[in-house]
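Here's the structure, in structure tokens; my notes come after.
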Amino acid sequence: MNRTDAALQLSWQALAKTYSTRPVYDQLAGELHRGEVLAVRGPNGAGKSTFLRLLCGLERPTAGTIAYQWQGQTYNPNTMRPWIGFVGPDVALYRELSALEHLQFLAKARGLAADQAYWRELLAQVGLAGREHERVAHFSSGMALRLKYAIALLAKPPILLLDEPTAMFDEHGRQLVAQLVEQQRQHGLTVLATNDERDAAWADLVLTVGAAARG
Ligand SMILES: Nc1ncnc2c1ncn2[C@@H]1O[C@H](COP(=O)(O)OP(=O)(O)OP(=O)(O)O)[C@@H](O)[C@H]1O
């Protein structure tokens, strides 16, 4: 990999978000590079989830810009989205599908190569070995969160956005996320939205939001 291929940067400038007349934040600026982890912190309603949704194009900023530099190209959140892995309460699962069927279906929908061996490896990595064929309707909330991690990692994305990354997890699950965040440092960057001190301890940088308003 040459120097240009290795370059990966996320930057946000003069970023503002207002819902109706309610300001969430104003004039946020910062940047993040390959290998780094950012924790977005703040009280309930401060705008942590909103920041992640802005980063992946699910919301548009009221003002300001978000840009990704990757492999010598510039992307906005919408054009970068195929290379963003997202884990959070908003990600919906299909109750009638099994864990393996989720990976199969989503890989096809995203135009990724069919690779049963990799899908099984991914499910084992998130602690779902032996549960591949069970319908998600029968999953516990922790198991469902594990599947969301497998889905987020399906395309080996350079950008990983984790909203409340360990909220459903026991200690074993927490260690799993710690490992995934470390692994992500090798080839990409991670943004965590969290109120948990232990999650925030994985971060190199902290963005505190919530000065403008609370809802
Ligand atoms: N679609 C929406 N329409 C209107 N207001 C919204 C919308 N989404 C979020 N908000 C408001 O924006 C603010 C920030 O919400 P957000 O979910 O980003 O906060 P958060 O910091 O993630 O909160 P929590 O810690 O409770 O998860 C809140 O006041 C919320 O009510």
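The values are calculated or read from the model by the stated rules, or taken from the named source; none is laboratory data. Only a predicted model underlies this, so the values are computations on that prediction, with no experimental measurement involved. Neighbour counts are summed over all protein chains in view; Cβ atoms, including those assigned to glycine, are modelled from backbone coordinates with ideal geometry. For the accessible areas, the whole protein counts, side chains as well, though only heavy atoms, and no ligand, DNA or RNA atoms are used. Shrake-Rupley method; radii C 1.70, N 1.55, O 1.52, S 1.80 Å.
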message: For the range 164-203, give me each residue that is of a type in the set (D, E, K, R) and open to solvent by 10 Å² or more (accessible area, probe 1.4 Å).
response: Glu164, Asp170, Glu171, Arg174, Glu182, Arg185, Asp196, Glu197, Arg198
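Going by the structure shown, is Phe86 open to solvent by less than 50 Å² (accessible area, probe 1.4 Å), within 13 Å of the ligand (Cβ to nearest atom) and among the aromatic types (Phe, Trp, Tyr)? Before you say what the answer is, go through the steps one by one.
On the way: open to solvent by less than 50 Å² (accessible area, probe 1.4 Å): yes; within 13 Å of the ligand (Cβ to nearest atom): no; among the aromatic types (Phe, Trp, Tyr): yes.
No: the conditions fail for Phe86.
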query: Are there any pairs with C-beta distances below 6 angstrom linking a residue in the range 71-100 that is more than 13 Å from Ala150 (Cα to Cα) and free of Cβ contacts under 8 Å to residues at least 12 places away in the same chain to a residue that is part of a helix (DSSP H, G or I) and open to solvent by 40 Å² or more (accessible area, probe 1.4 Å), with the two at least 6 apart or on different chains, and if so which?
result: none
message: Quick check on the range 110-122. Is at least one of its residues crowded, with 20+ Cβ neighbours inside 10 Å and in contact with a Phe, Trp or Tyr (Cβ under 6 Å, 6 or more places away or on another chain)?
response: no
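Condition check: of a type in the set (Val, Ile, Thr), modelled with pLDDT of 95 or more and more than 30 Å from Tyr25 (Cβ to Cβ). Does Val136 satisfy that?
Numbers: of a type in the set (Val, Ile, Thr): yes; modelled with pLDDT of 95 or more: yes; more than 30 Å from Tyr25 (Cβ to Cβ): yes.
Yes: the conditions hold for Val136.
In this structure, is Arg34 of a type in the set (D, E, K, R) and more than 14 Å from the ligand (Cβ to nearest atom)?
Numbers: of a type in the set (D, E, K, R): yes; more than 14 Å from the ligand (Cβ to nearest atom): yes.
It is true that Arg34 is of a type in the set (D, E, K, R) and more than 14 Å from the ligand (Cβ to nearest atom).
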- request: With the condition kept exactly as written, say whether any residue in the range 204-215 is buried (at least 20 other Cβ atoms within 10 Å of the Cβ) and away from the ligand (no atom under 16 Å from the Cβ).
  value: no
statement: Thr74 meets each of (1) in contact with a strand residue (DSSP E or B) (Cβ under 7 Å, 6 or more places away or on another chain); (2) under 23 Å from Leu162 (Cβ atoms); (3) of a type in the set (Ser, Thr, Tyr) with one exception, condition (2)
- prompt: Checking Tyr94 against (1) within 13 Å of the ligand (Cβ to nearest atom); (2) in a loop (DSSP other than H, G, I, E, B); (3) not β-branched (Val, Ile, Thr), which test does it fail?
  reply: (1)
- prompt: Do we have any residue at all in the range 12-29 that's surrounded by 14 or more Cβ atoms within 10 Å (Cβ to Cβ), within 19 Å of the chain's Cα centre (by Cα) and among the charged types (D, E, K, R)?
  reply: no
task: Considering each residue of the range 54-72, count those that are open to solvent by less than 50 Å² (accessible area, probe 1.4 Å), within 15 Å of the ligand (Cβ to nearest atom) and over 17 Å from Ala14 (Cβ atoms), and give that number.
output: 2
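So which of Ile151, Ile159 is crowded, with 20+ Cβ neighbours inside 10 Å, in contact (Cβ under 8 Å) with a residue 40 or more places away in the chain, of a type in the set (Val, Ile, Thr) and in contact with a His (Cβ under 8 Å, 6 or more places away or on another chain)?
Working: Ile159 fails: in contact with a His (Cβ under 8 Å, 6 or more places away or on another chain).
Exactly one of Ile151, Ile159 is crowded, with 20+ Cβ neighbours inside 10 Å, in contact (Cβ under 8 Å) with a residue 40 or more places away in the chain, of a type in the set (Val, Ile, Thr) and in contact with a His (Cβ under 8 Å, 6 or more places away or on another chain), namely Ile151.
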